Amino acid sequence: MSATITEYNPDGMETAGNSRIVVIPTVADINKITVAEWNSGTAIECATTAFGLNVDVQMRERRMLCDKIARQTPGARNVSVEALVLELGDPQAENALMELLSEDARVVIAHRPGVEHTDAAAAGQKYEAVSVIVASQTLVALSNEDGQTYEATHALAVQAKSKGLFSALVA
């Protein structure tokens with residue numbers, strides 16, 4: 001009897017232009033974000049250079065005297081988000097997004113990969129999301145060849161993450 005092995009060898013996809021990152025004020029269920037909830041958010045992918053989640057899993061190990069190999073089981077999982085750095089326009093102008101991301105605010109940040117960032121949200125599109133508390137918000141002045149620009153750096157404390165690698169938007 002011959003078995004055929006399945007090969008996994010995707011071409012990959014550039015992230016530039018193919019990611020949408022949205023700050024959503026509130027959602028009923030982080031694992032079932034609706035298109036309406038998604039559309040109530042503010043897209044930020046054109047105001048930042050990076051967005052990434054990290055998961056640190058503490059492994060528990062058990063080895064009995066009769067075991068030749070120790071057994072490991074997953075323990076606590078710690079999800080974190082790298083600092084969210086957003087470019088600012090005029091710091092003196094009203095900025096609803098900066099108000100939404102003020103210290104101690106609770107928001108959801110969702111990432112929809114692999115779809116043109118300007119495409120409308122639709123049921124069935126995959127996303128990953130985290131519910132966060134804004135731990136701090138700091139204004140940073142940066143110098144470049146064109147002069148002075150400003151960025152706001154946000155430290156985020158993760159409260160929840162959507163299950164699995166992806167969830168799907170619902171109608």
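The values are calculated or read from the model by the stated rules, or taken from the named source; none is laboratory data. The structure presented is a predicted model; accordingly, all values stated were derived computationally and were not measured. Cβ placement follows ideal geometry from the backbone for every residue including glycine, while neighbour counts extend to all protein chains displayed.
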Revision key, fill the gap. Taking first residues from the stretch 118-137 that are free of Cβ contacts under 8 Å to residues at least 60 places away in the same chain and of a type in the set (Asp, Glu) and second residues anywhere that are part of a loop (DSSP other than H, G, I, E, B) and buried (at least 20 other Cβ atoms within 10 Å of the Cβ), the pairs with Cβ under 7 Å that are 6 or more apart or on different chains are none
Exercise for review: All but one of (1) more than 19 Å from LEU84 (Cβ to Cβ); (2) in a helix (DSSP H, G or I) hold for ALA28, so report the exception by its number.
Suggested key: (2)
Review point. Can you pull out the residues in the stretch 71-96 that are touching a strand residue (DSSP E or B) at 6+ places or on another chain (Cβ under 6 Å), outside any strand (DSSP E or B) and either exposed (fewer than 10 other Cβ atoms within 10 Å of the Cβ) or modelled with pLDDT of 90 or more (or both)?
Key: ALA83
**Study point:** Cβ-Cβ under 9 Å pairs, at least 6 apart or on other chains, the stretch 33-58 side surrounded by 11 or more Cβ atoms within 10 Å (Cβ to Cβ), far side of a type in the set (Phe, Trp, Tyr)
**Key:** ILE33/TYR127; TRP38/TYR127; ILE44/PHE51; GLU45/PHE51
Practice item. Report, by residue number, each residue of the stretch 10-25 that is within 10 Å of ILE109 (Cα to Cα) and either in a loop (DSSP other than H, G, I, E, B) or modelled with pLDDT under 85 (or both). Key: PRO25
Check your understanding: So, in the stretch 124-142, of the ones that are surrounded by fewer than 14 Cβ atoms within 10 Å (Cβ to Cβ) and hydrophobic (A, V, I, L, M, F, W, C), which residue ends up nearest to VAL22 (Cα to Cα)?
Key -> ALA135
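Do we find a residue being out of contact with any Asp or Glu (no Cβ under 6 Å at 6 or more places or on another chain), in a strand (DSSP E or B) and either surrounded by 16 or more Cβ atoms within 10 Å (Cβ to Cβ) or on the phi < 0 side of the Ramachandran plot (or both) anywhere in the stretch 112-120? Don't jump to the end; show me each part of the working.
Here is the first cut: in the stretch 112-120, the ones out of contact with any Asp or Glu (no Cβ under 6 Å at 6 or more places or on another chain) are 112-116, 118-120.
Those left that are additionally in a strand (DSSP E or B): 112-113.
Still in the list and also either surrounded by 16 or more Cβ atoms within 10 Å (Cβ to Cβ) or on the phi < 0 side of the Ramachandran plot (or both): 112-113.
Yes: one or more hits.
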